[in-house]
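A.B. asks: First the structure, then my questions, so here it is.
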Amino acid sequence: DTGRDIAPAADSVANLREAILRRLTYSVGKNQASASEYDWYLAVVYATRDRIVEGWMASTNAAYVHGPKRVYYLSLEFLIGRLLGDALNNLGLTETMRAATRELGVDLERLRTLEPDAALGNGGLGRLAACFMESMATLSIAAHGYGIRYDHGLFRQVLKDGWQQEYPEDWLALGNPWEFKRPEVCYRIGFGGAVEALTSPDGATRYAWKPAEYVEAIAYDTPVVGWRGAHVNTLRLWSARACDPLQLDVFNAGDYVGAVADKMRAEAISKVLYPSDETPAGQELRLRQEYFFASASLQDALRRHLKQYQEVRSLAEHVAIQLNDTHPAISVAELMRLLVDVHGIAWEEAWKITQGTISYTNHTLLPEALESWPVPLLERMLPRQMQIIYLINALHLDSVRKSGHTDARLIAAVSMIDEHAGRRVRMGHLAFIGSHKVNGVSALHSKLLKQTVFRDLGTLYPDRIVNKTNGITFRRWLFEANPGLTRLLADTAGEGIYDDPMALRKIAPYASDAAFVGEFAAVKRQNKVALAKIILDRCHVKVDPDVLFDVQIKRVHEYKRQLLNILETVALYDAIRAQPYLDWVPRVKIFAGKAAASYHHAKLIIKLANDVANVINNDPTVRGMLKVAYLPNYNVSLAESIIPASDLSEQISTAGMEASGTGNMKLALNGALTIGTLDGANVEIKQHVGDENIFIFGMTAEQVAQRRGRGIDMRETIARSPALREVLDAIGSGVFSPDDPGRYAGLVDILTHHDHFLVCEDFDAYYACQREVAAKWLDRAAWWKASILNTAGMGWFSSDRTIAEYADEIWKTQAQKKE
Ligand code: 26V
């Protein structure tokens, strides 16, 4: 027993067993004799869901009765993962359910793995939205998440001869027992057409948009249950449906093929998640997705507000809308349209309401990730919204000039229209200007936001940019992913850790306690044995659970520098072969991560990691002192297996480029030591776990900027480093690709002459730092002490803390008191 189950009297094992059987019979339509494993899984989910629904209705009702400020979290991505373990754990029913299923002859652990991993997101941004949903429910904030119910989530990655291949993901193939379809919650979303100006006798002009085409947004609701089941919120995802009635006469008129084509075009909007991470797709369909979900969500929020307060003018008092990056930024113009055109509010008042309601989170500084849309595309697809954007911009630039700024450079820099590469609307500027608060996701990132992307806007509106350092939900990333460690922590620090993450500090005094260290190490070893089995199954690589597990798990991107890790791996391989008699610290380098399907360079990096793995794993002189494993199809569930088994966490991005990182937090919380640059939240992790318990190397963000200023040709840097030279020569000449010796010539050429991510410049520091890691590993007591102090120091990174800060300083909402 984990001790934390609430074990409600009503939910005895017998009750739960009967509930499962009822659901098996009446909802799945099977009897015990004919039920498949999946049928049992469905029955268990339904029985669990039944225990959420009453709390859900109570929470929904309480929000109407007590009228707390509502929060709407608008995100094009929710990287949810599996829900059964989460729901049971938060309800305190894990042990009861385990016993109930055991009595029925089925294994709960096995059933959990049958749930498809809901991957409606790319990476950090989408997973953050999922952690935030769980924390908002935990803190009893009356929140809705709004997004798109993609038929197909992030692609499934297969490694064929080391090359990434993408296969469609089909998470809904067997249905989704968690969701409730709400066909009656349905909004019309317009596209195209024209704007009509209607001037009344008193001279006032009103505008009415006459779209050429409508698509319907249908709601699907998933309950999100908070810790200890106290509060349940809704994740509402929109699915696109063609407006049938309008199409009927087209069918009758005989243009059957045309009508079907229109239907396909309408429903394409919610078909698939765009799989590029950090690079805007720039496709018309992407803009249709953004507007579709923004408009449906705003119409829904306004309808709910009107139902509760009968008027729309008080919106900003009762509603906070958070934009997860610029993907929903069109909301600024759409909310203005709804207030002015539909609800008849005067422009100035509507603008106050909009700004008072909306706030925006920036998640990246990468210039290529900053969304902008061509003016002609917006004009054609959303003519009224484009008109509104122009008017917002004109008034904004007027006020800038009135406050004494006439400098043409500044005016061009703060304009919402970028005149450089064809006329484009800067969505970051639109989101900034339409918000009362703009936040970065780590202290460093927020500081850089003020110095770079929003330098001029930030000077004009000095109180607008704030910091909200990211966090992670400890329920999923500690209690569920690592039950062994959780039990040990609770036994040592007390049950308080379940509700107060800062209570983890209480284990610090045990960091050198032999008995505690022994148990802590035993838990880690157990987790490593489990991961070793996965690695054997999926990579056909046999790893010893007693070696150092060195992991880099994240999207593959040049700025995250998986290449730096691979180069160090090859250098270590060279060193082992040169001096095989030395006492090398045996380690396995574990990689996992997907590359955007069109990102050829990133896919080549994956291939290189696999080529290097093949050579090293099969070299007899290495004798197991070094192995490399690339686990395919990284997703939330795989992360839950890797993270508790990790010893070393690779967070080695070029300083200034990783906005925060959240994998870094999950790994440190589970006792992995970080090797990293002073980037993103690593800076704050260092402050919380202590300088002696983290390995920091390489250039700072400032030094990166300076170094780039001197050019990014690395020939001199390479000439100074014999180890780096040897590595680049080997890779470039085909040592790891004998079947295609020229495969990496281009890659080495880029590193040599255009090393934008400064892999070469940081190489020696990284290599040296890795040798310090190895030295620490050999001092077992020192290693475990540092590992324990990582877990002890990570409490602050709970997403409950992050959400409490958003609630206090941006949303101005308090937790709901009574239900
Ligand atoms: C942009 C686009 C453009 C259109 C196609 C789909 C797509 C998907 C994602 C993005 C931008 C992603 C930005 C992002 O994920 N940033 C990450 O956010 C994390 C949470 O704040 C943070 O921890 C990571 O450091 C940051 O890279």
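The values are calculated or read from the model by the stated rules, or taken from the named source; none is laboratory data. A quick note: this is a predicted structure, and the numbers were derived from the prediction, not measured. Cβ sites come from the backbone with ideal geometry, for glycine too, and all protein chains shown count toward neighbours.
A.B. asks: Restricting attention to segment 296-305, does a residue exist that is surrounded by fewer than 24 Cβ atoms within 10 Å (Cβ to Cβ), among the basic types (Lys, Arg) and either outside the structural domain of Gly428 (by TED's automatic domain parsing) or within 22 Å of Met427 (Cβ to Cβ) (or both)?
C.D. replies: no
A.B. asks: Go through segment 324-354 residue by residue and tally those that are in contact with an Asp or Glu (Cβ under 6 Å, 6 or more places away or on another chain) and either in a helix (DSSP H, G or I) or within 12 Å of the ligand (Cβ to nearest atom) (or both).
C.D. replies: Taking segment 324-354 and keeping what is in contact with an Asp or Glu (Cβ under 6 Å, 6 or more places away or on another chain), we get 326-327, 330.
Filter once more, keeping what is either in a helix (DSSP H, G or I) or within 12 Å of the ligand (Cβ to nearest atom) (or both): 326-327.
Of the residues in that region, 2 qualify.
A.B. asks: Would you list the helices (runs of 4 or more DSSP H) that sit entirely within segment 93-141 and hold 3 or more residues that are of a type in the set (Ser, Thr, Tyr)?
C.D. replies: Fully inside segment 93-141 and qualifying: 94-103.
A.B. asks: Regarding segment 796-819, can at least one residue be identified that is exposed (fewer than 13 other Cβ atoms within 10 Å of the Cβ) and either under 26 Å from Met657 (Cα atoms) or at pLDDT below 95 (or both)?
C.D. replies: Within segment 796-819, one or more residues are exposed (fewer than 13 other Cβ atoms within 10 Å of the Cβ) and either under 26 Å from Met657 (Cα atoms) or at pLDDT below 95 (or both).
A.B. asks: Exactly one condition in (1) of a type in the set (A, V, I, L, M); (2) under 30 Å from Gln355 (Cβ atoms); (3) in a loop (DSSP other than H, G, I, E, B) is not met by Ile803; state its number.
C.D. replies: (3)
A.B. asks: Filter segment 420-449 down to the residues that are modelled with pLDDT of 95 or more and part of a loop (DSSP other than H, G, I, E, B), then identify the one that is farthest from Arg380 (Cα to Cα).
C.D. replies: Filtering first and then ranking leaves Ser442.
A.B. asks: Give Arg743, Arg708 a once-over and let me know the one that is part of a loop (DSSP other than H, G, I, E, B), under 34 Å from the mean Cα position of the chain (by Cα) and basic (Lys, Arg).
C.D. replies: Matching residue, one of Arg743, Arg708: Arg743.
A.B. asks: Still on this structure: If you scan segment 252-311, which residues turn out to be modelled with pLDDT under 95, outside any helix (DSSP H, G or I) and more than 16 Å from the ligand (Cβ to nearest atom)?
C.D. replies: Gly254, Asp255
A.B. asks: Out of the residues in segment 174-216 that are touching a residue at least 24 places away in the same chain (Cβ under 8 Å) and of a type in the set (Asp, Glu), which is nearest to Gln385 (Cα to Cα)?
C.D. replies: For segment 174-216, the residue satisfying everything is Glu213.
A.B. asks: Hand me the list of strands (runs of 3 or more DSSP E) wholly inside segment 624-687 holding 2 or more residues that are more than 20 Å from Lys524 (Cβ to Cβ) and at pLDDT 95 or above.
C.D. replies: 626-631
A.B. asks: Which of the residues belonging to segment 676-686 are surrounded by 24 or more Cβ atoms within 10 Å (Cβ to Cβ), more than 12 Å from the ligand (Cβ to nearest atom) and either of a type in the set (Asp, Glu) or over 19 Å from Thr452 (Cβ atoms) (or both)?
C.D. replies: Gly676, Ile685
A.B. asks: Tell me, please, whether a residue that is in contact with a Pro (Cβ under 7 Å, 6 or more places away or on another chain) and more than 16 Å from the ligand (Cβ to nearest atom) can be found in segment 665-674.
C.D. replies: Going residue by residue through segment 665-674, those that are in contact with a Pro (Cβ under 7 Å, 6 or more places away or on another chain) are 670.
Adding the requirement that they be more than 16 Å from the ligand (Cβ to nearest atom) leaves 670.
Yes, segment 665-674 contains a residue that is in contact with a Pro (Cβ under 7 Å, 6 or more places away or on another chain) and more than 16 Å from the ligand (Cβ to nearest atom).
A.B. asks: Out of (1) over 26 Å from Ala301 (Cα atoms); (2) assigned by TED's automatic domain parsing to the domain that holds Arg304; (3) at pLDDT 95 or above; (4) not polar (S, T, N, Q), the odd one out for Pro177 is which?
C.D. replies: Failed condition: (1).
A.B. asks: Just to be sure before I move on: is Leu93 more than 16 Å from the ligand (Cβ to nearest atom) and either assigned by TED's automatic domain parsing to the domain that holds Asn324 or closer than 16 Å to Val225 by Cα (or both) in the structure I sent?
C.D. replies: Judged against the criteria, Leu93 is a match.
A.B. asks: Can you spot a residue in segment 355-373 that is under 27 Å from Ile189 (Cα atoms), outside any strand (DSSP E or B) and hydrophobic (A, V, I, L, M, F, W, C)?
C.D. replies: Yes, segment 355-373 contains a residue that is under 27 Å from Ile189 (Cα atoms), outside any strand (DSSP E or B) and hydrophobic (A, V, I, L, M, F, W, C).
A.B. asks: Evaluate the following for Asp764: is it surrounded by fewer than 17 Cβ atoms within 10 Å (Cβ to Cβ) and outside any loop (DSSP other than H, G, I, E, B)?
C.D. replies: no
A.B. asks: Considering only segment 104-142, state which residues are hydroxyl-bearing (Ser, Thr, Tyr) and more than 22 Å from Trp227 (Cβ to Cβ).
C.D. replies: Of everything in segment 104-142, just one residue is hydroxyl-bearing (Ser, Thr, Tyr) and more than 22 Å from Trp227 (Cβ to Cβ), namely Thr113.
A.B. asks: Still on this structure, I have one more. For Arg228, are the conditions met, namely being away from the ligand (no atom under 13 Å from the Cβ), within 33 Å of the chain's Cα centre (by Cα), at pLDDT 95 or above and not aliphatic (A, V, I, L, M)?
C.D. replies: yes
A.B. asks: Quick check on this structure: which one of Ala143, Ala137, Ala100 is touching a residue at least 60 places away in the same chain (Cβ under 8 Å) and touching a Phe, Trp or Tyr at 6+ places or on another chain (Cβ under 7 Å)?
C.D. replies: Every option except Ala143 fails the conditions.
A.B. asks: Taking segment 442-484 as the region of interest, how many residues are under 29 Å from Leu91 (Cα atoms), within 16 Å of the ligand (Cβ to nearest atom) and out of contact with any strand residue (DSSP E or B) (no Cβ under 9 Å at 6 or more places or on another chain)?
C.D. replies: The number of residues fulfilling the criteria is 2.
A.B. asks: Here is a further query. Which of (1) more than 16 Å from the ligand (Cβ to nearest atom); (2) surrounded by fewer than 23 Cβ atoms within 10 Å (Cβ to Cβ); (3) hydrophobic (A, V, I, L, M, F, W, C) is the odd one out, the single condition Ile694 does not satisfy?
C.D. replies: Of everything listed in (1) more than 16 Å from the ligand (Cβ to nearest atom); (2) surrounded by fewer than 23 Cβ atoms within 10 Å (Cβ to Cβ); (3) hydrophobic (A, V, I, L, M, F, W, C), Ile694 misses just condition (2).
A.B. asks: Among the residues that make up segment 642-657, is at least one of them surrounded by fewer than 24 Cβ atoms within 10 Å (Cβ to Cβ), of a type in the set (Ser, Thr, Tyr) and more than 16 Å from the ligand (Cβ to nearest atom)?
C.D. replies: No, every residue in segment 642-657 fails to be surrounded by fewer than 24 Cβ atoms within 10 Å (Cβ to Cβ), of a type in the set (Ser, Thr, Tyr) and more than 16 Å from the ligand (Cβ to nearest atom).
A.B. asks: Any idea which residue in segment 549-586 is surrounded by the fewest Cβ atoms within 10 Å (Cβ to Cβ), counting only those that are part of a helix (DSSP H, G or I) and of a type in the set (Lys, Arg)?
C.D. replies: Arg577
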